[in-house]
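First the structure, in the form of structure tokens, and then the observations on it.
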Amino acid sequence: MLKNFLKKMVGAPDERDMFDPSELGDPVAMQTDWTPAKKKGGAGFRTHKLVESNSERLEFRASMGLKLFCLTFLGLGVICLIVFTFAILSGGEKVSWKILLPIGIGLAFTIAGAYMLYFGTAPIVFDRRRGFFWKGRKNPDHVFDKRTLKHFAELEQIHALQLISKLVSSQENAYHSYELNLVLEDGKRINVIDHKSQDRLREDAGTISAFLDKPIWDAT
């Protein structure tokens, strides 16, 4: 009941408001999935900013908000590990579940923070000189078969940029997050980024559209 109420409060679309891809007049749009590419998750803040490295390269880089979010998890975990490990080693506390539990929680926070920081700051690149888009720490030039990369496409394979929204909700909160996806010539999609700032995402999509000379399909 609460989740339905939150959906109404944030203006979740019903079937009458759904985007009709036939309006685009493009057969590829009819082959394309218009549900979220990332079924779970989303961010309640702007996670990435678009940067022009040079005239032939655009990059999404992690925002300060994302870095602080990850470092907060990492920092809390490290502090817990240091404090309670020191308590054990100094002999001031007996080894018990009351001590081991905070150490386990600290370890979990440390791993989670490190994981989010590692993947959240991974390169997201549009490179016209190489003719590639890729997302991740594996440089396509160092991979024998680039087709094995999950988030990779040759720029000439990109047919359009897709903008769609989704509702991210829990028992306490709900908000819209917005996806920027690449639509390939066969209708398949590659998710680029996903965060709450609709205006920034539209602005970034416009920059990429001009850079690649590809249309934007805005279903938000």
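At-a-glance table
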quantity: Residue identified as surrounded by fewer than 16 Cβ atoms within 10 Å (Cβ to Cβ), under 30 Å from Arg189 (Cα atoms) and within 20 Å of the chain's Cα centre (by Cα) among Thr72, Thr121; calculated: Thr121
quantity: Residue within the range 194-208 that is of a type outside the set (Asp, Glu), touching a strand residue (DSSP E or B) at 6+ places or on another chain (Cβ under 8 Å), open to solvent by less than 20 Å² (accessible area, probe 1.4 Å) and more than 20 Å from Thr35 (Cβ to Cβ) present; calculated: yes
quantity: Top-ranked residue in the range 176-186 [being touching a residue at least 40 places away in the same chain (Cβ under 8 Å) and open to solvent by less than 10 Å² (accessible area, probe 1.4 Å); ranked as farthest from the chain's Cα centre (by Cα)]; calculated: Val183
quantity: Meets criteria (aliphatic (A, V, I, L, M), outside any helix (DSSP H, G or I) and open to solvent by less than 40 Å² (accessible area, probe 1.4 Å)) for Ala112; calculated: no
quantity: Single unsatisfied condition, Ala37 versus (1) part of a helix (DSSP H, G or I); (2) open to solvent by 30 Å² or more (accessible area, probe 1.4 Å); calculated: (1)
quantity: Breaking point among (1) within 16 Å of the chain's Cα centre (by Cα); (2) in a strand (DSSP E or B), for Lys67; calculated: (2)
quantity: Odd one out for Ile158, checked against (1) open to solvent by less than 40 Å² (accessible area, probe 1.4 Å); (2) at pLDDT below 95; (3) among the hydrophobic types (A, V, I, L, M, F, W, C); calculated: (2)
quantity: Strands (runs of 3 or more DSSP E) contained entirely in the range 117-220, each with at least 3 residues that are hydrophobic (A, V, I, L, M, F, W, C); calculated: 124-127, 132-135, 158-169, 174-184, 189-195
quantity: Cross-chain or 6+ apart pairs with Cβ under 6 Å, the range 56-77 first and of a type in the set (Lys, Arg), then exposed (fewer than 14 other Cβ atoms within 10 Å of the Cβ); calculated: Arg61/Val51
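Listed here are the residues, each with its yes/no results for (1) among the aliphatic types (A, V, I, L, M); (2) within 20 Å of Gly44 (Cα to Cα); (3) at pLDDT 90 or above.
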| residue | (1), (2), (3) |
| --- | --- |
| Ser170 | no, yes, no |
| Asn173 | no, yes, no |
| Glu185 | no, no, yes |
| Arg200 | no, yes, yes |
| Ser209 | no, no, yes |
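Table: residues versus (1) surrounded by 12 or more Cβ atoms within 10 Å (Cβ to Cβ); (2) under 24 Å from the mean Cα position of the chain (by Cα).
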{"position": "Ile103", "(1), (2)": "yes, no"}
{"position": "Met116", "(1), (2)": "yes, yes"}
{"position": "Trp134", "(1), (2)": "yes, yes"}
{"position": "Asp145", "(1), (2)": "no, no"}
{"position": "Lys166", "(1), (2)": "yes, yes"}
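The values are calculated or read from the model by the stated rules, or taken from the named source; none is laboratory data. Not measured: the values here are computed from a predicted model. A quick note on method: Cβ atoms are made from the backbone with ideal geometry, for glycine too, and the neighbour counts reach across all protein chains shown. What goes into the accessible areas is simple: the full protein's heavy atoms, side chains included, and nothing from ligands, DNA or RNA. Shrake-Rupley method; radii C 1.70, N 1.55, O 1.52, S 1.80 Å.
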